[in-house]
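Below: the structure, in structure tokens.
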Amino acid sequence: MTTVIARTVTRVVVPFILLTAVSLLFQGHNLPGGGFIAGVLTCTAFALVYIIYGQESLRTLVGGSEPGDGVLTGLPGTYARLFAVGLGVAAGAGVVSTALGYPFLTQTVLYLSDVPAVHALTELPGIGTLEVASAFVFDVGVYLVVVGGLLTIVSVVGRE
């Protein structure tokens, strides 16, 4: 049983942790941050929910399936599939550059101001020019791998 203070602090802190994780994910290809640290922060928020509210609340938050007896069923199975999807996305980011004739994981940046259809939407006050970096796809893959792997560990260890 947890205290009212712990539940209240968790309700207040978890959105800020997730917002920071998203911020680190989006800035990771240009500044310190990226998929790994964003994934660790996301798992920290989910672990906090798990510790304070229990596994059922985490299942509701993440949208996992019912518990089962197999290795890839229930919450660990959901997280393991998330890990596999992330691994595919990260590897796919490298394969695309190879298929285009460049070395594996070659990165490029598309400045949206160069695209006529969205030119008016690319200059944001206080932010600057929007860009799409191919490193972001790799970062998303790493993010999914870290979240899937760490939540699998937390879920399996938590059941024992």
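The values are calculated or read from the model by the stated rules, or taken from the named source; none is laboratory data. None of the values given here were measured: they were computed from a predicted structure. Positions of Cβ are backbone-derived with ideal geometry, glycine not excepted, and every protein chain shown enters the neighbour counts.
What the table below lists for this structure:
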{"quantity": "Filter result for VAL145 (crowded, with 17+ Cβ neighbours inside 10 Å and modelled with pLDDT of 65 or more)", "calculated": "yes"}
{"quantity": "Of residues in the range 49-69 being within 18 Å of the chain's Cα centre (by Cα) and part of a loop (DSSP other than H, G, I, E, B), the one modelled with the lowest pLDDT", "calculated": "GLY64"}
{"quantity": "Selection status of PHE104, in a helix (DSSP H, G or I) and at pLDDT 85 or above", "calculated": "no"}
